[in-house]
Each structure stands twice: as structure tokens, then as C-alpha cells.
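Report on the following structure.
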Amino acid sequence: MSAELGFSTSGPSQVRRERSVASSSLATARWCARRGWPVHPLAPGRKTPAANCAACRATPHTAAECVCLPLGRWCHGFHAATLDQRRIDQWWGTNPDFGVGVACGPANLVVIDIDAHAVQPPDRNRILPGITIGEQIDLSGLSNGFHTLAVLAALRDQESPADDDTTLRVRTPSGGMHVWYRAVDYRRWQCSSGSSKGRALAWQVDVRAHGGYIVAPGTVTDKGTYTAIGSVREPAELPKWLAQELERTGHLPAPNIPAPRPVPPRAQQAVLAAGGAATGAERALKAVLAPVWACGRLAEGAGFSEALNRAAYTLGGLVAAGRMTKAEAEHILTETAEAVRPGQSRRAEQIISSGLTAGSKRPLYNSGGHL
Ligand SMILES: [Zn+2]
Ligand SMILES: [Zn+2]
């Protein structure tokens with residue numbers, strides 16, 4: 001696995017290794033996707049997302065309104081992140097210079113991003129937001145995120161995440177470190193910047209979670225390579241004490257987020273009706289539409305376009321094989337989409353139409369009792 005990714009350690013073969021890393025961005029993207037981390041392209045040599053298409057640059061709009069994503073384009077940064085192997089092969093296969101970004105939220109990741117910029121520290125009440133550091137404590141040696149995080153950990157009688165060798169840690173080209181953790185309990189941890197006057201964990205420590213992305217280990221930029229430290233390649237569970245600190249510093253969404261929507265009976269019946277009398281077909285249809293329904297349990301985003309597009313693609317294949325009519329497919333997809341994301345019918349219509357058209361080129365004849 002490490003050979004495949006070309007994780008480099010400093011040493012005489014550094015240059016050769018970096019070249020092998022550069023040629024394996026596709027391998028890095030695949031490696032991330034296999035772990036369930038949706039990936040999106042980064043601009044060649046940079047740590048920022050690949051540019052939007054000309055149409056997206058010309059007309060300002062949100063990712064949710066964009067037709068590029070269901071069409072398989074990488075517009076809108078981490079909103080385009082995917083687990084789809086075919087799309088990944090296409091993106092990085094044709095653009096091997098692209099780096100790899102991981103969308104932290106849907107990957108269920110919380111990454112502690114420690115900076116090492118040599119700049120003057122702020123006022124002592126902004127070193128650790130919400131914690132008063134007494135005047136008697138000498139902060140003269142404190143100059144970066146490694147220090148502030150160490151102070152926070154020491155206050156809680158814990159080890160600094162920077163020293164946590166049980167989890168994936170990545171050295172950044174600027175001397176910082178990314179400490180990767182897995183979120184537990186499906187809590188929607190939010191991003192923050194350590195320099196923010198609002199939500200922040202510690203000065204020079206950013207948090208990458210929902211609404212953000214992180215550069216994958218193995219990615220090469222003009223400034224250097226993002227290099228995994230040691231041999232650990234899997235994120236450990238977010239430590240309880242750190243979760244408490246994140247909660248204390250406002251990294252959970254406000255409690256007034258919309259509750260999960262119950263499935264309207266009308267749409268449920270439509271799912272069953274479209275399956276007809278045959279229970280096998282019913283089950284198969286439910287399976288096809290399940291990822292779309294799953295999006296309804298989350299307040300927003302969460303790959304709805306992609307889930308709907310995939311379901312439409314599959315049903316397009318069934319229509320092409322003569323196993324349901326196009327009207328039936330359109331009906332069930334429209335009903336499902338309307339139930340999961342009410343009031344977005346125009347956008348859903350576009351996704352359904354393009355998915356059905358694409359899917360109809362690959363007829364799904366009966367195979368092995370499925371579908
Ligand atoms: Zn676009
Ligand atoms: Zn767009």
C-alpha cells in the first residue's frame with residue numbers, strides 16, 4: 001500500500017520517490033476512495049481545487065444549482081468529490097498532474113491542521129479561545145500551532161495530537177502537520193480557522209470537517225510533498241477529550257438545524273407501486289433508490305445530485321432493456337427527488353433527464369436474479 005502511494009520519507013532517494021508520487025495521483029485518489037473518502041481534483045502543483053469550467057466561471061451560482069456535478073465535471077471544489085471509480089479514473093487518468101483533495105464531511109473525517117508560520121502571536125486571550133491564560137504564565141517561546149495545541153493538551157492532561165502516533169499524520173510542505181481522525185456518532189463537526197475571531201480551537205490550528213477538504217497524503221505541490229509520517233495510514237477515532245474541546249469551541253452546528261424529514265407516505269407508495277407486484281423488482285427498485293432516500297436524512301448537500309444521477313442512470317438501463325417504461329422511471333425518480341429535496345424540481349428534472357439518457361445507453365438485462 002505504501003509502495004503504491006509512494007509515501008516518501010526523507011533520505012537519499014527522496015527525489016526519485018517524489019517523482020513516483022507525482023505519477024501516482026490516480027493511485028492516491030483510488031486509495032482514498034477505497035477508504036470511503038470522496039475525492040476531488042486539486043490544481044496542478046497547488047493545494048487549491050482545480051478550476052471550474054468556463055460556464056461556471058461565467059455565471060455565479062451555487063454547487064447545488066450546478067448541472068456540472070451530475071454530468072461528472074469537477075466544478076465547485078470539494079462539492080464535486082466522488083467515490084465513483086470510473087469518474088476517478090477519468091479525472092486523474094487524463095490529468096495526472098492534478099493533486100487529490102478529500103471532502104472531509106462526507107468522508108466522516110475531522111482533520112486537525114497545525115500551522116508552523118513564524119509570525120507574532122496575538123493577544124494571550126486569543127491563543128486558546130475561551131481559555132484565560134494567566135499573566136503569570138510565560139508565553140514568550142510560543143510561536144506556532146504546535147505550541148498552542150501542546151498547551152491545550154497539557155491543560156487537559158492529554159498528549160498533543162501532533163504526537164499521536166496511533167493515527168494518520170501528514171507532514172505538509174510548509175512544516176505544518178495534518179492529524180487525521182475519524183468522527184464518531186455521525187456528528188457534523190464544522191470547519192474553523194485558528195485565526196478566526198469566531199469559531200477556533202487554537203491559534204494557528206485549523207479544523208477541517210464539514211464544509212472543507214484536506215490535501216491527501218502523497219499529493220505533490222510546487223512547495224513539496226504531503227508526506228505521511230511513520231507507518232500508520234488509517235485515521236484513529238477522534239479522541240474524546242478533543243471532541244469535548246471542539247464542542248466547547250463551537251464546532252458543532254447550532255441545535256436548530258432541520259430535523260430529518262420523514263418519508264412522505266405518497267412517495268413511499270410510489271416506490272412500491274413502481275415495483276409492481278413482483279417483490280424481487282420491488283426490492284431491486286428500493287435498493288436503487290436507497291442512496292437518494294439516504295440524502296433525506298441529512299439537512300443538506302451530502303451527495304444528493306450524485307445519488308439521484310446514479311439512480312436515474314440505473315433506471316435508464318432498465319428502460320433500455322424494456323423492463324419499465326420511461327414514464328414510470330421518470331415518475332418514480334421525480335417523486336423520490338421531490339420527497340427528499342422539496343422545491344428543487346427544476347434541478348432534479350435536469351439530473352433525472354441526463355441520468356436516464358446516459359443510462360439508456362447501457363441496457364440492464366436480467367442477470368443473476370437481480371433487477
Ligand atoms: Zn462547471
Ligand atoms: Zn457550476
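Tabulated values for the structure
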item	result
Residue within the range 17-27 that is farther than 30 Å from Val184 by Cβ, within 16 Å of ligand 2 (Cβ to nearest atom), among the acidic types (Asp, Glu) and modelled with pLDDT under 95 present	no
Yes/no for Gly130 being buried (at least 19 other Cβ atoms within 10 Å of the Cβ) and touching a helix residue (DSSP H, G or I) at 6+ places or on another chain (Cβ under 9 Å)	no
Cβ pairs under 9 Å, 6+ apart, first in the range 99-125 and modelled with pLDDT of 95 or more, second of a type in the set (Ser, Thr, Tyr) and in a helix (DSSP H, G or I)	Gly99/Ser25; Gly99/Thr28; Val100/Ser25; Val100/Thr28; Ile114/Thr148
Residue check, Gly77 surrounded by fewer than 22 Cβ atoms within 10 Å (Cβ to Cβ), assigned by TED's automatic domain parsing to the domain that holds Arg171 and in contact with a strand residue (DSSP E or B) (Cβ under 7 Å, 6 or more places away or on another chain)	yes
Looking only at the range 80-94, and only at residues there that are within 16 Å of ligand 1 (Cβ to nearest atom) and without any contact (Cβ under 8 Å) to a residue 60 or more places away in the chain, the one that is surrounded by the fewest Cβ atoms within 10 Å (Cβ to Cβ)	Gln90
Any hit, the range 34-49, residues being within 13 Å of ligand 2 (Cβ to nearest atom), at pLDDT 95 or above and not charged (D, E, K, R)	yes
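The values are calculated or read from the model by the stated rules, or taken from the named source; none is laboratory data. From a predicted model like this one, the values you see are computed outputs, not experimental measurements. For neighbour counting, all protein chains shown are included, and Cβ atoms are generated from backbone atoms with ideal geometry for every residue, glycine included.
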